[in-house]
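*Asks:* Please read through the structure below; I'll follow up with questions.
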Amino acid sequence: MSLSGTVNETSEAGSDWRDFSHPPLPPILDAALMTFIEHGYHGTTIRQLAAAAGLSVPGLYHHYASKQALLVAICETAMADLWERSRSALAQAGDDVVRRLDLLTECLVLFHAHRPELAFIAANELRSLQADARETHIAARDRQQRLMDDVVVTGTEQGVFSTPYPRDVSRAVVTMCTGVAQWYRPRGELSPADLATRYVIMTRMTVGAPMDVAAR
């Protein structure tokens, strides 16, 4: 099976969705993110957050009104970043449903391999968001899921994918890809790009896509 054209393309328009060289968060939010990772949202005090950011408590409040505001900003950034990258990947893929599947899978894996802390907090501190923010976050998560739903359902309707359970398979694929944030370590056997290549193969197998067709 040839998957040339799915990973490590850098010459085509829209390829910056693979670029993770820039920090995703401004310094205050990055400090808050790492503090939440270490202590958990409820275990973190505003004084710890201020100290991590190199600010006084009043100085922190000048930028963010509360600990909740920091968490909301982190979660919003995570979902917006993944959404924009996913949309760019799909735009690069064009109308070919196999290519759309490949590049969206690659995008999900790269994001969760390169941004594990951001993805972890956005997923695991959902319970800590207050009602309105939680509803907004769930809506963003559902919108993201629909991208994969649309690809898998379309491929099934076109007869390109053979799964009899397209929506179930779509959820399984997204869960598999987002789970990368839980275990992946950059010093391991595989680079993020290598891991994405494997996940593209596994995803094709899961949806019943042709295994002998290179993405175009």
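The values are calculated or read from the model by the stated rules, or taken from the named source; none is laboratory data. Being a predicted model, the structure only gives us computed values, none of them experimental. Please note: Cβ atoms are built from the backbone with ideal geometry, for glycine as well, and neighbour counts cover all protein chains shown. What goes into the accessible areas is simple: the full protein's heavy atoms, side chains included, and nothing from ligands, DNA or RNA. Shrake-Rupley method; radii C 1.70, N 1.55, O 1.52, S 1.80 Å.
*Asks:* What is the number of the single condition among (1) outside any loop (DSSP other than H, G, I, E, B); (2) of a type outside the set (S, T, N, Q); (3) open to solvent by 10 Å² or more (accessible area, probe 1.4 Å) that Asp95 does not meet?
*Replies:* Going through the list (1) outside any loop (DSSP other than H, G, I, E, B); (2) of a type outside the set (S, T, N, Q); (3) open to solvent by 10 Å² or more (accessible area, probe 1.4 Å), Asp95 breaks only (1).
*Asks:* Closer than 21 Å to Glu76 by Cβ, among the hydroxyl-bearing types (Ser, Thr, Tyr) and surrounded by 13 or more Cβ atoms within 10 Å (Cβ to Cβ): is that true of Thr178 in this structure?
*Replies:* Taking the combined requirement at face value, the residue satisfies it.
*Asks:* Now, a different point. Criterion first (among the small types (Gly, Ala, Ser) and without any contact (Cβ under 8 Å) to a residue 60 or more places away in the chain) does Ala131 satisfy it?
*Replies:* For Ala131, the condition - among the small types (Gly, Ala, Ser) and without any contact (Cβ under 8 Å) to a residue 60 or more places away in the chain - is met.
*Asks:* Going by what's in this entry, would Arg100 be described as part of a helix (DSSP H, G or I), farther than 20 Å from Gln144 by Cα, out of contact with any Gly (no Cβ under 6 Å at 6 or more places or on another chain) and open to solvent by 30 Å² or more (accessible area, probe 1.4 Å)?
*Replies:* No; evaluated as a whole, the condition is false for this residue.
*Asks:* Return only the number of the condition from (1) more than 17 Å from Asp16 (Cβ to Cβ); (2) assigned to a helix (DSSP H, G or I); (3) open to solvent by less than 40 Å² (accessible area, probe 1.4 Å) that Leu90 does not satisfy.
*Replies:* (1)
*Asks:* Which of the residues spanning segment 116-167 are open to solvent by 20 Å² or more (accessible area, probe 1.4 Å), under 19 Å from Leu82 (Cα atoms) and not in a helix (DSSP H, G or I)?
*Replies:* None - no residue of segment 116-167 is open to solvent by 20 Å² or more (accessible area, probe 1.4 Å), under 19 Å from Leu82 (Cα atoms) and not in a helix (DSSP H, G or I), so the list stays empty.
Yes or no, residue by residue, for (1) open to solvent by less than 80 Å² (accessible area, probe 1.4 Å); (2) of a type in the set (Gly, Ala, Ser); (3) in contact with a Ser or Thr (Cβ under 7 Å, 6 or more places away or on another chain); (4) outside any loop (DSSP other than H, G, I, E, B):
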site	(1), (2), (3), (4)
Pro23	no, no, no, no
Ile28	yes, no, no, yes
Ala32	yes, yes, no, yes
Thr35	yes, no, yes, yes
Glu38	no, no, no, yes
Ala50	yes, yes, yes, yes
Leu55	yes, no, no, no
Pro58	no, no, no, yes
His62	no, no, no, yes
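*Asks:* So in segment 46-75, with the set limited to residues that are in contact (Cβ under 8 Å) with a residue 40 or more places away in the chain and not polar (S, T, N, Q), which one is nearest to Gln144 (Cα to Cα)?
*Replies:* The selected residue is Cys75.
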